[in-house]
Each structure stands twice: as C-alpha cells, then as structure tokens.
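Contents: one structure, followed by commentary.
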Amino acid sequence: MAYDENNIFAKILKGEIPCNKIYEDEYVLSFHDINPQKKIHALVIPKGKYIDLDDFSENASNNEIVGLIKGIHIVAKKLGMSVNTGKGYRALANINEYGGQEVPHLHFHLFGGERVGKMVE
Ligand code: 5GP
C-alpha cells in the first residue's frame, strides 16, 4: 500500500489543517487528539511519510527512529505524565486493520492525566 499524501495527518504536517500543537522538532510533531479519550490524549507523529509502525521500522533511518522515541518522552515530560514529571501514561500505536488504525500516517497515542485502565477491551 502506498502512502496517502492526503491523509489528515499529512495535511496537518503541511499546515493545510490546524492542530493544537504541543511540541515540534526535526523529527516529530505532537498535538492534542481532536476527540480525547482520556484527560490527556496527545498524538506524536514522525515528520516522514510512514504509514504505520511496520513501514517505519523497515524504512525509517536510525535517526528518525531515535527521534520518534525521544519525541514521545519529551512530550510525556512536557505534559507532566512521564515518570519524572508525573505518574505515568500509556503509549499506543494502532497498526492496520486488526489494530484499528484509522489514519494511515504512523502515530503514537499518549493517554494520561488519570489512570488509563485496562490495556485492551
Ligand atoms: P487511529 O485510530 O488511526 O489510531 O487514531 C486516529 C486518531 O486521530 C483518533 O484518535 C482521532 O480522534 C484523531 N484525529 C482524527 N482526525 C483528527 C484531526 O483532524 N485532528 C486531530 N488533532 N486529531 C484527529
């Protein structure tokens, strides 16, 4: 499957659609989810065009991979939910059909600000 240049997160990255930005650097953009499922629900996306975690693992550079993992921590810290600024959180990536992925640009959900409950329904 080819990367869809017109997916909603691609449009956010291009600045065509606004977002409530939390953090941005060379490798990642982070913003609040439009339909939060917990008190804090942030999204962290790589700037590169990757459909999902499998695509990212196979095709991203080592710098991009490190950048995304570091970006998740930076955002969690900034939002007061990392282990050094808060009480923890959940980082989750949905992958393809069975994973329930809706937007075909890799993203990690960061849920926190309260207990997030059971891992899966
Ligand atoms: P997925 O099911 O693909 O893992 O998650 C997609 C997420 O993107 C959902 O939680 C949904 O609420 C969020 N989302 C969809 N469209 C937009 C948008 O235009 N802006 C923001 N900030 N989040 C969006």
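A few notes on this one:
- Complete set of residues in the range 91-118 that are small (G, A, S), more than 9 Å from the ligand (Cβ to nearest atom) and assigned to a loop (DSSP other than H, G, I, E, B): G113, G117
- Screening the candidates F31, F56 for the property of being farther than 15 Å from L110 by Cβ and hydrophobic (A, V, I, L, M, F, W, C) yields one hit, F56.
- Every residue from the range 18-60 that is away from the ligand (no atom under 11 Å from the Cβ), assigned to a loop (DSSP other than H, G, I, E, B), under 14 Å from the mean Cα position of the chain (by Cα) and in contact (Cβ under 8 Å) with a residue 60 or more places away in the chain: none
- Output for the range 65-121, where each listed residue is over 25 Å from K47 (Cα atoms) and surrounded by 15 or more Cβ atoms within 10 Å (Cβ to Cβ): G86, G113, V116
No value in this document is a laboratory result; all are computed from the given coordinates. Because the structure is a prediction, the values reported are computed rather than measured. Cβ sites come from the backbone with ideal geometry, for glycine too, and all protein chains shown count toward neighbours.
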